[in-house]
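Notes to accompany the following structure.
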Amino acid sequence: MVLTLTEAAIARVLKYEQLIPAMEEALSAFSGGRVIQPVRNMLTIEEGKRFLGIMPAAAEHGIGAKLVCFFPKNAGTNVPTHLAVIMLFEPETGKPLAFLDGRLITEMRTAAVSAAVTKYLAPDGSKVLTLLGSGVQAHAHLQALRHIGNFEEVRVWSRTMDHARRFAELHDATAMDLEPAVRGADVLVTATNAVEPFLKGEWLKQGAHVNAVGSPRPTWRELDDAAMHNTLVVDSREAVLKESGDVILSKAAISAEAGELFAGSKKLQRSETTIFKSVGLAVEDIATARLVYDAIEGSSAREDVTESPW
């Protein structure tokens, strides 16, 4: 029987305590050459407004694909900008296992990867977290990063200040203007659909760590050249050189993949100012889908789960 898993069913079992280490394992396998995965094929339906991504991967614990709609035009509406469906197969036999709603999985695995990288690169004793952007990924990163650090101060900035204030009220944070929010921060997250860079490298304190997860197009940018020419870590060298305007246009040198950090084949110093550019990989989705599937298969709670013959 093939399971169909709704977002509600996924939310009950998907927790950062298990997801963060699962992302470390998945990306270690990816950088170690144990994953078959092409770079995402992104179909432009309407430039700047509607895109469809096709993301297959084959790994040890699961094979499958995600279809993801990235619709920036949905921003400010009650429809998310990212909507997705994941199909999971058993890797030994090819047996279909589950169809999973991919919205929450995309949200949480992105933040979990950033949290995992931050564990390795954030300055010792990090106390100040800055979120640049106030949407879904800002919320997810706040939750994930609180699993790996004790932040005494959380700052938030948004291009729409009312959104930043609303986020601050909900999450015990402080809404600030852009430059003051950046200066002195230990860990930062950029999670926007900016087309032009807004984060200036000259504002970053020495040793700060930035998780740059927004603007996932080859001509879009969040960080200026000065920021990008710090120590750069990426999820996939091949992917960022096709998909990330921050990397492509700055011509920044890549120091390591995240999976190389996790596996110990590359080591960086926490005293370095570091940038993690994340574009999101199919292996992350497949590993998360398998984590969810196994949790639900091992649980007696089956609400919001349907079964059907293939």
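The values are calculated or read from the model by the stated rules, or taken from the named source; none is laboratory data. Quick caveat: nothing in here was measured; it's all calculated off a predicted structure. All Cβ positions, glycine included, derive from the backbone under ideal geometry; neighbour counts span all protein chains shown. Ligands, DNA and RNA are excluded from the accessible area calculation, which covers all protein heavy atoms including side chains. Shrake-Rupley method; radii C 1.70, N 1.55, O 1.52, S 1.80 Å.
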- With the first residue restricted to the range 182-193 and required to be within 17 Å of A116 (Cα to Cα), and the second required to be open to solvent by less than 10 Å² (accessible area, probe 1.4 Å) and of a type in the set (V, I, T), Cβ contacts under 7 Å at 6 or more apart or on different chains are V187/T118; L188/T130; L188/V182; L188/V210; T190/V210
- Query: Can you name every residue in the range 45-70 that is farther than 17 Å from F99 by Cα, in a strand (DSSP E or B) and open to solvent by 30 Å² or more (accessible area, probe 1.4 Å)?
  - Reply: I45, E46, R50, L52
- On the given criteria, is E303 modelled with pLDDT under 95, assigned to a strand (DSSP E or B) and farther than 30 Å from R50 by Cα? no
- Message: For the range 271-300, give me each residue that is modelled with pLDDT under 95 and not in a helix (DSSP H, G or I).
- Response: G298, S299, S300
- From the set of residues in the range 102-117 that are open to solvent by 10 Å² or more (accessible area, probe 1.4 Å) and hydroxyl-bearing (S, T, Y), which is farthest from A9 (Cα to Cα)? T110
- Task: Can you tell me which residue within the range 207-220, out of those that are open to solvent by less than 10 Å² (accessible area, probe 1.4 Å) and in contact with a helix residue (DSSP H, G or I) (Cβ under 8 Å, 6 or more places away or on another chain), is farthest from A239 (Cα to Cα)?
- Result: H209
- Note on the structure: Given the conditions (1) under 21 Å from the mean Cα position of the chain (by Cα); (2) surrounded by 19 or more Cβ atoms within 10 Å (Cβ to Cβ), every one holds for L204 apart from (1)
- Note on the structure: Contact list, first residue from the range 91-112 and at positive phi, second anywhere and open to solvent by 40 Å² or more (accessible area, probe 1.4 Å) and not in a helix (DSSP H, G or I), beta-carbon distance below 8 Å, six or more apart or interchain, is G94/I63
- For the range 221-236, enumerate the residues that are open to solvent by less than 20 Å² (accessible area, probe 1.4 Å), farther than 24 Å from E25 by Cβ and part of a loop (DSSP other than H, G, I, E, B). E222
- Item | Boolean, E25 is in a helix (DSSP H, G or I), at pLDDT 95 or above and either of a type in the set (K, R) or surrounded by fewer than 21 Cβ atoms within 10 Å (Cβ to Cβ) (or both) | yes
- Note on the structure: When the range 251-310 is checked residue by residue, the ones that are among the aliphatic types (A, V, I, L, M), touching a Leu at 6+ places or on another chain (Cβ under 9 Å), within 20 Å of G214 (Cα to Cα) and crowded, with 18+ Cβ neighbours inside 10 Å are A252, A256, A258, I275, L281, V283
